[in-house]
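Note sheet for the following structure.
The values are calculated or read from the model by the stated rules, or taken from the named source; none is laboratory data. From a predicted model like this one, the values you see are computed outputs, not experimental measurements. No Cβ is skipped: glycine too gets one built from the backbone with ideal geometry, and neighbour counts run over all protein chains shown.
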Amino acid sequence: MSGSSLDGLDIAFVELEESFGKWTFTILEAECIPYPLEWEQKLRDATLLTARDYLLLDADYGHYIGKAVSSFMDRHQLGYKVALIASHGHTTFHLPPRMTAQIGSGAAISAETGVPVVSDLRTVDVALGGQGAPMVPIGEQLLWPDISMFLNIGGIANLSVNTSAGYLAYDVCSANRMLNRLAMQKGKAYDEGGRMAAAGKINEKILAGLNDLPYYTKPYPKSLDNAFGDEVVYPLLISDGHSSTEDMLATYTEHIAIQIASEVEKHLADLSASSIMVTGGGALNDFLLSRLEEQLSPMRVHVERPDQMIVQYKEALVMALLGVLRWREETTALSSVTGASRDSIGGALWITQ
């Protein structure tokens, strides 16, 4: 799994078992492998390439992933234990309901590893008129059936809710990708624990402008791509020309907390739950979680962080499950979440030996 925040390639070795419709899992090994600066830049600039160079990057990145997975397997002595690789790839273009694109050739990954690969998990849902995102909710439904509300704070924050009317999920706002971009102004890859944001002051004018962005009034299902943060949010954040990095981080952290709380409030009437399970890199941002808890406190909704392995590798875990579901020819995308005309079985299967 490679997220929009570009913090690295998440690889998890997962055992999954299904018995009478109930799924259980164990994450046996997991790592986040940071991108070399060269690859971070290549992925960041992928949408600027010519068609020829874009396709070359797709193949090269597939080989890069395959080599990374092979090294991971060697380090952990997995060998014959790996039956299937599921790769989300890295999202470049996301323009539902017309198209979506995740680079990282599945054929190249299979060629490097000698293991069957499932990739290209979103395109069938988009072809059926869906958003192709979020993808994680079906994993949440199957792996944590007793939890009603989930929040993943990655490059983009997304919310999943198991309501009385059915399962729904959608992207809330740009999150870590924007915080990381601001932190880079100080030579940091990210704002560890939200310490820089905690030292800043909120710019109320910019905060109001962020909260008034039209996306937040759109009905779900809906999803975001990186362009929303880069082309809409970031220019607004730097618009006054003199706010410090700390102030911009404080302002955007508050914005994330406000938008998440606003979306949670919309669903409370349909839920008996009084807690929300938070995962993703943003769950390690103590200041962000403290601001979210403050926003949720009037609703009496408690923020829960699961164990560290799930916090960091939940999306990689769900990609593994989606690969298994595709192998079994079972549903991988929920139309109630994406807005597609029907549920679907998504993913291309590559077998090179």
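Which pairs turn up if I take residues in the stretch 116-128 that are more than 15 Å from S105 (Cβ to Cβ) and look for partners that are charged (D, E, K, R) and surrounded by 24 or more Cβ atoms within 10 Å (Cβ to Cβ) with beta carbon separation below 6 Å, at least 6 apart in sequence or on another chain?
none
Take the stretch 158-190 and flag every residue that is buried (at least 24 other Cβ atoms within 10 Å of the Cβ), among the small types (G, A, S) and in a strand (DSSP E or B).
S160, A169, S174
Does S164 fit the bill of being among the small types (G, A, S), more than 15 Å from the chain's Cα centre (by Cα) and either assigned by TED's automatic domain parsing to the domain that holds D58 or under 30 Å from T253 (Cβ atoms) (or both)? Break it down into steps so the answer makes sense when it comes.
Numbers: among the small types (G, A, S): yes; more than 15 Å from the chain's Cα centre (by Cα): yes; either assigned by TED's automatic domain parsing to the domain that holds D58 or under 30 Å from T253 (Cβ atoms) (or both): no.
Considered against the rule, which asks whether it is among the small types (G, A, S), more than 15 Å from the chain's Cα centre (by Cα) and either assigned by TED's automatic domain parsing to the domain that holds D58 or under 30 Å from T253 (Cβ atoms) (or both), S164 comes out as no.
When the residues of the stretch 59-88 are filtered to those that are in contact (Cβ under 8 Å) with a residue 12 or more places away in the chain and hydroxyl-bearing (S, T, Y), which remaining residue is surrounded by the most Cβ atoms within 10 Å (Cβ to Cβ)?
It comes out as S87.
Within the stretch 183-195, is even one residue of a type in the set (A, V, I, L, M, F, W, C), more than 23 Å from L9 (Cβ to Cβ) and at pLDDT 95 or above?
Just the residues of the stretch 183-195 that are of a type in the set (A, V, I, L, M, F, W, C), to begin with: 183-184, 189.
Next, only the ones that are more than 23 Å from L9 (Cβ to Cβ) stay: none.
Checking the stretch 183-195: not a single residue is of a type in the set (A, V, I, L, M, F, W, C), more than 23 Å from L9 (Cβ to Cβ) and at pLDDT 95 or above.
Go through (1) in a loop (DSSP other than H, G, I, E, B); (2) over 20 Å from V301 (Cβ atoms); (3) not basic (K, R) one by one and return the number of the condition M196 breaks.
(1)
Do any residues in the stretch 21-45 that are touching a residue at least 60 places away in the same chain (Cβ under 8 Å) and closer than 30 Å to E330 by Cα have Cβ atoms under 7 Å from those of residues that are part of a loop (DSSP other than H, G, I, E, B) and not acidic (D, E), where the two are at least six apart or on different chains, and which pairs are they?
Close Cβ pairs (under 7 Å, with a partner that is part of a loop (DSSP other than H, G, I, E, B) and not acidic (D, E)) amount to C32/G8.
Would you say S174 is touching a helix residue (DSSP H, G or I) at 6+ places or on another chain (Cβ under 9 Å) and assigned by TED's automatic domain parsing to the domain that holds D60?
Values: touching a helix residue (DSSP H, G or I) at 6+ places or on another chain (Cβ under 9 Å): yes; assigned by TED's automatic domain parsing to the domain that holds D60: no.
Spelling it out, it is not the case that S174 is touching a helix residue (DSSP H, G or I) at 6+ places or on another chain (Cβ under 9 Å) and assigned by TED's automatic domain parsing to the domain that holds D60.
Tell me the strands (runs of 3 or more DSSP E) entirely within the stretch 1-104 that contain at least 3 residues that are farther than 22 Å from V124 by Cα, modelled with pLDDT of 95 or more and not aromatic (F, W, Y).
Numbers: elements: 9-19, 22-33, 90-95, 99-103.
Because the criterion is at least 3 residues that are farther than 22 Å from V124 by Cα, modelled with pLDDT of 95 or more and not aromatic (F, W, Y), the strands (runs of 3 or more DSSP E) in the stretch 1-104 that meet it are 9-19, 22-33.
If you take the residues of the stretch 1-33 that are surrounded by 12 or more Cβ atoms within 10 Å (Cβ to Cβ) and of a type in the set (G, A, S), which of them is nearest to L142 (Cα to Cα)?
Of everything passing the filter in the stretch 1-33, A12 is nearest to L142 (Cα to Cα).
When you go through (1) touching a strand residue (DSSP E or B) at 6+ places or on another chain (Cβ under 9 Å); (2) more than 30 Å from R181 (Cβ to Cβ) one by one for S19, which number turns out not to apply?
(1)
Out of all the residues in the stretch 205-227, which are free of Cβ contacts under 8 Å to residues at least 12 places away in the same chain and part of a loop (DSSP other than H, G, I, E, B)?
D212, K218, P219 - these are the residues of the stretch 205-227 that are free of Cβ contacts under 8 Å to residues at least 12 places away in the same chain and part of a loop (DSSP other than H, G, I, E, B).
Is there a residue being out of contact with any Leu (no Cβ under 8 Å at 6 or more places or on another chain) and closer than 19 Å to I147 by Cα anywhere in the stretch 251-266?
Yes: the stretch 251-266 contains one or more residues that are out of contact with any Leu (no Cβ under 8 Å at 6 or more places or on another chain) and closer than 19 Å to I147 by Cα.
Which members of the stretch 34-58 meet the condition of being among the hydrophobic types (A, V, I, L, M, F, W, C) and buried (at least 16 other Cβ atoms within 10 Å of the Cβ)?
First, the residues of the stretch 34-58 that are among the hydrophobic types (A, V, I, L, M, F, W, C): 37, 39, 43, 46, 48-49, 51, 55-57.
Residues satisfying the conditions are W39, L43, A46, L57.
Considering only the stretch 326-349, state which residues are within 19 Å of the chain's Cα centre (by Cα) and closer than 15 Å to I85 by Cβ.
Taking the stretch 326-349 as the starting set, the residues that turn out to be within 19 Å of the chain's Cα centre (by Cα) are 332-339, 346-347.
Scanning the stretch 326-349 gives a single hit, G347.
Taking the stretch 153-182, which residues are farther than 25 Å from G8 by Cβ and of a type in the set (A, V, I, L, M)?
Initially, the stretch 153-182 is screened for residues farther than 25 Å from G8 by Cβ, giving 161-168, 170.
Passing the criteria: V161, A165, L168.
For the condition crowded, with 19+ Cβ neighbours inside 10 Å, closer than 29 Å to M277 by Cβ and without any contact (Cβ under 8 Å) to a residue 40 or more places away in the chain, what is the one hit in T91, T100?
Working: T91 fails: without any contact (Cβ under 8 Å) to a residue 40 or more places away in the chain.
Only one candidate passes the filter, namely T100.
With the stretch 232-313 as the region, which helices (runs of 4 or more DSSP H) entirely inside it contain at least 1 residues that are in contact with a Phe, Trp or Tyr (Cβ under 8 Å, 6 or more places away or on another chain), surrounded by fewer than 18 Cβ atoms within 10 Å (Cβ to Cβ) and at pLDDT 95 or above?
On the way: elements: 234-237, 245-267, 286-296.
So the answer is 245-267.
When you look at L349, is it touching a Phe, Trp or Tyr at 6+ places or on another chain (Cβ under 8 Å), surrounded by fewer than 21 Cβ atoms within 10 Å (Cβ to Cβ) and touching a residue at least 12 places away in the same chain (Cβ under 8 Å), yes or no? Working first, answer last.
Numbers: touching a Phe, Trp or Tyr at 6+ places or on another chain (Cβ under 8 Å): yes; surrounded by fewer than 21 Cβ atoms within 10 Å (Cβ to Cβ): yes; touching a residue at least 12 places away in the same chain (Cβ under 8 Å): yes.
Against the criterion (touching a Phe, Trp or Tyr at 6+ places or on another chain (Cβ under 8 Å), surrounded by fewer than 21 Cβ atoms within 10 Å (Cβ to Cβ) and touching a residue at least 12 places away in the same chain (Cβ under 8 Å)), L349 qualifies.
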